[in-house]
Amino acid sequence: QVQLVESGGGLVQPGGSLRLSCAASGSILSIIHMGWYRQAPGKQRELVAHISSEGNTNYADSVKGRFTISRDNAKKMVYLQMNSLKPEDTYVYYCYAEITQIGAPPEVKFAYWGQGTQVTVSS
């Protein structure tokens, strides 16, 4: 019923920037928490950034000061602005959203993941 679609990944040089976008669509009543995770082959998925419905944010220590998460509730989108990119930022990045759905009690929350978008930082 709900889809998250990421875009904006690609290849950039060290020190460059990328802006990831995630669009939520479907039977959405409200989007509560949204975040970005990343995963390398053979490793666990890790939290990159999180933003609450109130706009409170938190970041992994490795990206603090370089990445910024934001959301547009009217557009049902979340963004990740990535600056000063490093080769160690090379991962598949996944959008996450916790959603209440139309037709379900508003206290019932559903978790959704995007399909992932590749970010490669290399010279």
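The values are calculated or read from the model by the stated rules, or taken from the named source; none is laboratory data. Being a predicted model, the structure only gives us computed values, none of them experimental. Methodologically, a virtual Cβ is constructed for each residue, glycine included, from the backbone with ideal geometry; neighbour enumeration extends over all protein chains shown. Surface areas here come from the heavy atoms of the whole protein model, side chains and all, with no ligands, DNA or RNA. Shrake-Rupley method; radii C 1.70, N 1.55, O 1.52, S 1.80 Å.
Structural remarks
- Candidate set: segment 74-83, residues that are aliphatic (A, V, I, L, M) and outside any loop (DSSP other than H, G, I, E, B); chosen: the one surrounded by the most Cβ atoms within 10 Å (Cβ to Cβ): VAL78
- Some residue of segment 55-68 being in a strand (DSSP E or B), small (Gly, Ala, Ser) and under 30 Å from SER123 (Cβ atoms): no
- The listed residues are GLY26, GLY35, GLY10, GLY15, and the only one of them that is farther than 26 Å from GLU88 by Cβ and at pLDDT 95 or above turns out to be GLY26.
- Flag set for ARG71, criterion: open to solvent by less than 70 Å² (accessible area, probe 1.4 Å), in contact (Cβ under 8 Å) with a residue 40 or more places away in the chain and farther than 17 Å from THR117 by Cα.
- Any hit, segment 108-117, residues being among the hydroxyl-bearing types (Ser, Thr, Tyr) and open to solvent by 60 Å² or more (accessible area, probe 1.4 Å): no
- Conditions (1) touching a Leu at 6+ places or on another chain (Cβ under 8 Å); (2) outside any strand (DSSP E or B): number failed by TRP36: (2)
- Residue count for segment 1-11, restricted to those that are open to solvent by 20 Å² or more (accessible area, probe 1.4 Å) and assigned to a strand (DSSP E or B): 5
- Checking GLY42 against (1) surrounded by 12 or more Cβ atoms within 10 Å (Cβ to Cβ); (2) over 18 Å from SER84 (Cα atoms); (3) of a type in the set (Gly, Ala, Ser), the condition it does not meet: (1)
- Filter result for the condition that a residue is free of Cβ contacts under 8 Å to residues at least 24 places away in the same chain, more than 21 Å from VAL5 (Cβ to Cβ) and either open to solvent by 70 Å² or more (accessible area, probe 1.4 Å) or within 11 Å of the chain's Cα centre (by Cα) (or both), over LYS86, LYS64: LYS64
- The number of residues in segment 84-118 being within 30 Å of LEU11 (Cβ to Cβ) and either among the β-branched types (Val, Ile, Thr) or in a loop (DSSP other than H, G, I, E, B) (or both) comes to 9.
- Cβ-Cβ distances below 8 Å connect the following pairs, each with a first residue in segment 41-52 that is free of Cβ contacts under 8 Å to residues at least 24 places away in the same chain and farther than 16 Å from THR117 by Cα, a second residue that is outside any loop (DSSP other than H, G, I, E, B) and among the aliphatic types (A, V, I, L, M), and a separation of six or more residues or different chains: HIS50/MET34; HIS50/ILE69; SER52/ILE32.
- Scanning segment 45-54 for residues that are open to solvent by 30 Å² or more (accessible area, probe 1.4 Å) and in a strand (DSSP E or B) yields GLU46, LEU47, HIS50.
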